[in-house]
Amino acid sequence: MRRIWPPQHTGELDDAALEELYGYPAGRWLAVNFVSSADGALELGGRARALSNEPDQRVLRLGSDLADVLLVGATTAMVEEFRGAHPDAETAARRERHGLAPVPPTAVVTTGSLPVDAPVLTEAPVPSYVITTAAAPEHKREAWAATGATVVVAGERRVDLRSAVDALAVAGLEHVDSEGGARLFASLLAAGVVDELRLTVSPLLVAGAAGRIAAGVDIDPAQLELLSVVAESDTLMVRYGLRS
Ligand SMILES: NC(=O)c1ccc[n+]([C@@H]2O[C@H](COP(=O)([O-])OP(=O)(O)OC[C@H]3O[C@@H](n4cnc5c(N)ncnc54)[C@H](OP(=O)(O)O)[C@@H]3O)[C@@H](O)[C@H]2O)c1
């Protein structure tokens, strides 16, 4: 992989340099990861995986390997068949080197659609978090908790994502790696809790009716600052900071 921005720091990146680039700064930080086709699609055939490739997987993996918690919307958890993080030896060694817990838990945002037998609850190696509302059906909350999940109530009828991120931080989960999807991203932007967007531009044109990476609620346009651009063959991996 080659860093091509900023101009004073260009050149090939070894594993250590990539780890530094995709690490999290001290304190609270929420990074949002997406891969998009060059014409702006967030999925192909209903899945993000079809847009992804080896370099995208490499940076996505760094984001989760170095995070305290993974954050996803209920739809992404189901469509992308999230099973929680299952670290291999390389990830385990990386997490140990950085003083992180062996496995980052996954936090799923839902007002009720998340099935109690969702793989993210039943197959995760550490208990997941379910972030929901006071209005979520009591039987559903009890059933999620019965799977071993930690149920966090944030908001009355809609999930209050600022409260949700606060609750994760109180639990010691300050470095948040959001892995989708579009409605969650837009809501995180509306809540003003996004620090960074990590966007891979996949070298594909797909047309069709796929949505964009942020959708669902209106926001004031968010101004971005270009932090880094890394290229590998035809793929671009861009990091943007959200200007406050
Ligand atoms: N290209 C990529 O990198 C990438 C990454 C991930 C996903 N994706 C794609 O994105 C698509 C899924 O995205 P999506 O927008 O449909 O769903 P999403 O953002 O993954 O999940 C939306 C769901 O989250 C729950 N939710 C609860 N409170 C919310 C709040 N305050 N704001 C937003 N969501 C809240 C809702 O479930 P309840 O009904 O239970 O409340 C809502 O239906 C899939 O096609 C997937 O393949 C692409």
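Points to keep in mind about this one:
- Test result for Pro115, part of a loop (DSSP other than H, G, I, E, B) and more than 14 Å from the ligand (Cβ to nearest atom): no
- Every residue from the stretch 139-165 that is within 28 Å of Pro125 (Cβ to Cβ) and acidic (Asp, Glu): Glu142
- Against the criterion of being part of a loop (DSSP other than H, G, I, E, B), charged (D, E, K, R) and at pLDDT 95 or above, Arg157 qualifies.
Per-residue answers, yes or no, for (1) surrounded by 19 or more Cβ atoms within 10 Å (Cβ to Cβ); (2) near the ligand (Cβ under 9 Å from one of its atoms); (3) more than 22 Å from Val194 (Cα to Cα):
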{"site": "Asp15", "(1), (2), (3)": "no, no, yes"}
{"site": "Trp29", "(1), (2), (3)": "no, no, no"}
{"site": "Ala48", "(1), (2), (3)": "yes, yes, no"}
{"site": "Glu54", "(1), (2), (3)": "no, no, yes"}
{"site": "Val59", "(1), (2), (3)": "yes, no, no"}
{"site": "Val69", "(1), (2), (3)": "yes, no, no"}
{"site": "His98", "(1), (2), (3)": "no, no, yes"}
{"site": "Pro105", "(1), (2), (3)": "yes, no, no"}
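- Pairs, first at positive phi in the stretch 45-64, second within 8 Å of the ligand (Cβ to nearest atom), C-beta under 8 Å, six or more apart: Gly46/Val79
- Restricting the stretch 118-143 to residues that are more than 14 Å from the ligand (Cβ to nearest atom), touching a residue at least 12 places away in the same chain (Cβ under 8 Å) and not polar (S, T, N, Q), the residue that is surrounded by the most Cβ atoms within 10 Å (Cβ to Cβ) is Ala124.
- Inside the stretch 36-60, residues that are in a loop (DSSP other than H, G, I, E, B) and of a type in the set (A, V, I, L, M) make up a count of 4.
- Condition check for Arg157: among the basic types (Lys, Arg), surrounded by fewer than 21 Cβ atoms within 10 Å (Cβ to Cβ) and out of contact with any Ser or Thr (no Cβ under 8 Å at 6 or more places or on another chain): no
- Test: residue in the stretch 11-33 that is in contact (Cβ under 8 Å) with a residue 60 or more places away in the chain and of a type in the set (S, T, N, Q): yes
- Residues considered: Arg183, Arg162. Of these, the only one that is in contact with a Gly (Cβ under 6 Å, 6 or more places away or on another chain), under 17 Å from Thr132 (Cα atoms) and within 14 Å of the ligand (Cβ to nearest atom) is Arg183.
The values are calculated or read from the model by the stated rules, or taken from the named source; none is laboratory data. It should be emphasised that the depicted structure is a prediction, and the values quoted were computed from it without experimental measurement. Counting neighbours? That spans all protein chains shown, and the Cβs are built from the backbone with ideal geometry, glycine included.
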